[in-house]
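Structure, as structure tokens:
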Amino acid sequence: MMPKDKETKMTGTKVRLNYEITYRNKEAQEDSATSCSKNPGHTGFIYVKNFSIESLPESFRNQKMYELCRCLINLTCMIEVLATSKYRSGSDNLYDQLDARIGSGSVYIPLEYTQKGGHCPCPECKDPKNAGREFYEVYVTTAHHVVFDDYEASRAFVKLHFDSEDKKESTVTLPGYRIVNYNAEADRTILSCITHDIRIVKEIQMQRDSAREFEEYFCSHPLEMNPGFNLAVIVSHPHGWPKTISFGSCVQFPSINTDEINKNTILKERNEGPEITIGTRNTEGNGITEGNGITEGNGITQSNESNKGTVWTEYKYNAPTCPGSSGALVWIYGKKRVGYRDSDITTHTHCGSEDGMNKSGLGLEFKTP
């Protein structure tokens with residue numbers, strides 16, 4: 001019988017982290033609420049079908065925050081991966097898992113999303129007569145330990161709108177295609193999946209744009225609140241169940257500066273197209289020079305001016321998560337993330353738990369006073 005929500009360990013020079021992936025096993029899923037060792041009873045999780053403005057922490061209980069959370073909910077997806085790459089490290093402890101691996105993610109649309117001509121790579125278009133059918137790429141930000149490489153990406157499925165067991169007909173499933181880029185040290189992957197429905201693309205764009213507007217509003221119109229409480233919001237699929245939202249407080253790790261980065265791999269990104277670079281390489285110190293442009297895989301470059309005043313950060317937080325939450329977007333109140341569309345390679349993703357606290361990977365944000 002499959003183990004219930006095995007906590008996989010990641011070992012390295014910095015941390016020993018409990019990954020929060022789970023597995024598609026009916027018996028384990030049905031029993032996981034009572035047997036869950038991470039959050040017995042699942043206190044603090046709010047199923048999104050029950051989410052209302054009254055669910056928000058009191059200091060943040062207003063219409064704009066509610067609408068922002070609704071955007072985050074609509075952009076959250078569940079990821080099922082049906083295979084494990086042979087190129088994973090043995091320390092991942094995934095090779096004995098025969099069932100589908102489950103994590104969470106957040107969707108967005110690349111600036112160049114329409115693919116015209118050629119042959120659609122999705123499974124339903126294997127028939128040559130479908131050559132030339134227009135298709136669109138949807139990008140998913142998730143954890144690198146959820147989807148490791150192209151082999152796993154092509155055997156993954158992304159589920160949108162899995163918000164309720166009694167409304168499964170509303171769930172949309174998109175096939176995985178490829179890894180656009182990844183950052184192993186930040187534990188972040190951008191997965192591409194395929195759709196033929198332009199309505200899905202437009203809806204994701206609208207939700208993403210709205211989320212950005214609300215985020216910018218709260219950065220310029222701060223709420224009166226306890227200065228010691230920094231809100232963290234997590235939307236995910238614990239145990240592969242319908243979507244939940246949870247709230248908690250967070251602590252920012254010390255910012256990473258150039259002098260502390262002494263290895264070439266820390267922010268090195270990769271994709272199947274042109275090389276992706278974050279910052280510029282400091283050849284003498286083997287570091288990253290802060291304040292330089294971001295060159296995306298589609299050739300779009302942010303100007304040096306727009307990327308000044310940014311910093312790489314990590315967070316620890318007590319917003320509840322469970323196995324199945326790995327890869328979820330970590331939203332922090334008052335922090336303006338660098339990038340929404342293609343620049344979502346820079347966002348914070350939930351990686352797991354460490355020393356009793358939940359932890360994000362590295363993310364890029366604008367400095368705040």
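Here, each number is a calculation from the coordinates, and none is a lab measurement. Quantities reported herein were computed from a predicted structural model and do not represent experimental measurements. A quick note on method: Cβ atoms are made from the backbone with ideal geometry, for glycine too, and the neighbour counts reach across all protein chains shown.
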Neighbour-count ranking for K64, K335 (other C-beta within 10 angstrom, fewest to most) reads K64, K335
Long-range amide H partners of G352, meaning residues 5 or more apart or on another chain whose placed amide H is closer than 5 Å, are K359
Taking D127, D187, D149, D197 and counting other beta carbon atoms within 10 angstrom, the fewest-first order is D127, D197, D149, D187
Whole-Hz Karplus couplings 3J(HN,Hα) for the range 66-80, θ = phi - 60° and coefficients 6.51, -1.76, 1.60, Gly and Pro as x, run 4, 5, 4, 4, 5, 5, 4, 4, 5, 8, 7, 9, 9, 10, 10
Of the listed pairs K159/K202; K202/K243; K129/K159; K64/K202; K49/K335; K126/K202, those with alpha carbons more than 24 Å apart are K129/K159; K49/K335; K126/K202
Most exposed first, judged by fewest Cβ atoms within 10 angstrom, I53, I234, I179, I200 run I53, I200, I179, I234
Computed over the Cα atoms of the range 167-257, the Rg and Dmax in Å are 17.4, 48
